[in-house]
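Report on the structure given below.
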Ligand code: SF4
């Protein structure tokens, strides 16, 4: 076993928690993966990846059977002629977009998504987007962002996409008399969005969601906007919203009964909702979530769990499994630790927990082996080898694809951890 060599151990700014910072080989998907959930959310958007056959294969395999439908994503393949400079990649791209938009008139928003190959040949997709937008607006807006896997992790694709959309959002009226409005930021499954919409309506809080389901329904923003992040991986989007005058409401993320309550409470408090009203609206769903979680807690309590850095959901998940399910945290790895956005989460973690940021995969695997956790949350690339060594794993990406936020999903989220443990127990029996 190789020794653990922390490159830098530092105290968390908010909670004085030691953080093991590592740099080395990483095992993560790239930002193109976000297209899978983003294209389901914005129903008249199209994602055109400008990349290689590898990018096309990644998308097709991540999207599974979607390929039989007419998908709202595709890959414009950069081939050898483009790479050798024998063809003008911009001309080729214009032709592809022209063909696509004439065949698919329902598209209202087109994203040109950069990849490792487009970055390597320095294809300027932002100029291409400006040029194509001028040609096709107002019917179609064309934007660009990068989903490249160079130094990024897979949830950053959503962050880059939403950050590219922020400058396009209409300006909200700025008069002091204008009512503030709440904006929930981050892609949520429609079923979860509908539940939050209902709860905020009962609380009397005017709410919009970003991204919206339709390109023509973009929320207006300005200094009257208060926003709640629904996902912990939206640092660039938050920065872009701040620069438009919107104000972030600090809160834990809406995972589990406790996280959902604190998250809703942050929104309710900013809009002057009374304690009594908050109790009336949330008491029922909270109770339902608690009793559904009690069954899962009986299965998971005191089981140990190890998080490899992957989705950036690790810290909120660790808070949920330790506080609401009684699980023991052996290590909580995250690709990036955004101390400001995670401040409320860090405050809820048990003291002494081992946090790590970044990855040196070999060293982390050694630590995982030596701690022999009951369950490991990791990327697909690590899951099979760890299973072969007798460890029980959960794919981190499943936690992003599955509706897990809110009261009604709290027990489903817990079940994502109990299911693989049960399977392992049955196999061992
Ligand atoms: S963007 Fe890069 S990492 Fe992602 S599939 Fe394409 S080549 Fe691979």
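The criterion of at least 2 residues that are modelled with pLDDT under 95 is met by the following helices (runs of 4 or more DSSP H) wholly inside segment 322-429: 361-371, 380-388, 396-401, 410-428. Scanning for something outside the structural domain of residue 398 (by TED's automatic domain parsing), at pLDDT below 90 and either outside any helix (DSSP H, G or I) or crowded, with 23+ Cβ neighbours inside 10 Å (or both), does segment 33-54 turn up at least one residue? No - not one qualifying residue is present in segment 33-54. Of the listed requirements (1) assigned to a helix (DSSP H, G or I); (2) at pLDDT 90 or above; (3) within 30 Å of residue 333 (Cβ to Cβ), residue 93 misses just one: (3). Identification of helices (runs of 4 or more DSSP H) wholly contained in segment 100-219 with 2 or more residues that are more than 16 Å from the ligand (Cβ to nearest atom) yields 125-136, 156-165, 190-203. Among the residues of segment 287-300, at least one is assigned to a helix (DSSP H, G or I) and touching a strand residue (DSSP E or B) at 6+ places or on another chain (Cβ under 9 Å).
All told, residue 74 meets the bar of being in the same structural domain as residue 35 (by TED's automatic domain parsing), under 18 Å from residue 158 (Cα atoms) and at pLDDT 80 or above. Need the failing condition index for residue 233 against (1) in contact with a strand residue (DSSP E or B) (Cβ under 8 Å, 6 or more places away or on another chain); (2) under 26 Å from residue 29 (Cα atoms); (3) away from the ligand (no atom under 16 Å from the Cβ); (4) not assigned by TED's automatic domain parsing to the domain that holds residue 109, just the number. The single condition residue 233 does not satisfy is (1). Being closer than 20 Å to residue 188 by Cα and outside the structural domain of residue 381 (by TED's automatic domain parsing), is that true of even one residue in segment 288-305? Yes, segment 288-305 contains at least one residue that is closer than 20 Å to residue 188 by Cα and outside the structural domain of residue 381 (by TED's automatic domain parsing).
The values are calculated or read from the model by the stated rules, or taken from the named source; none is laboratory data. What you see is a predicted model; the values in this text were computed from it and never measured. Ideal geometry is used to build each Cβ from the backbone, glycine not excepted, and the neighbour counts take in all protein chains shown.
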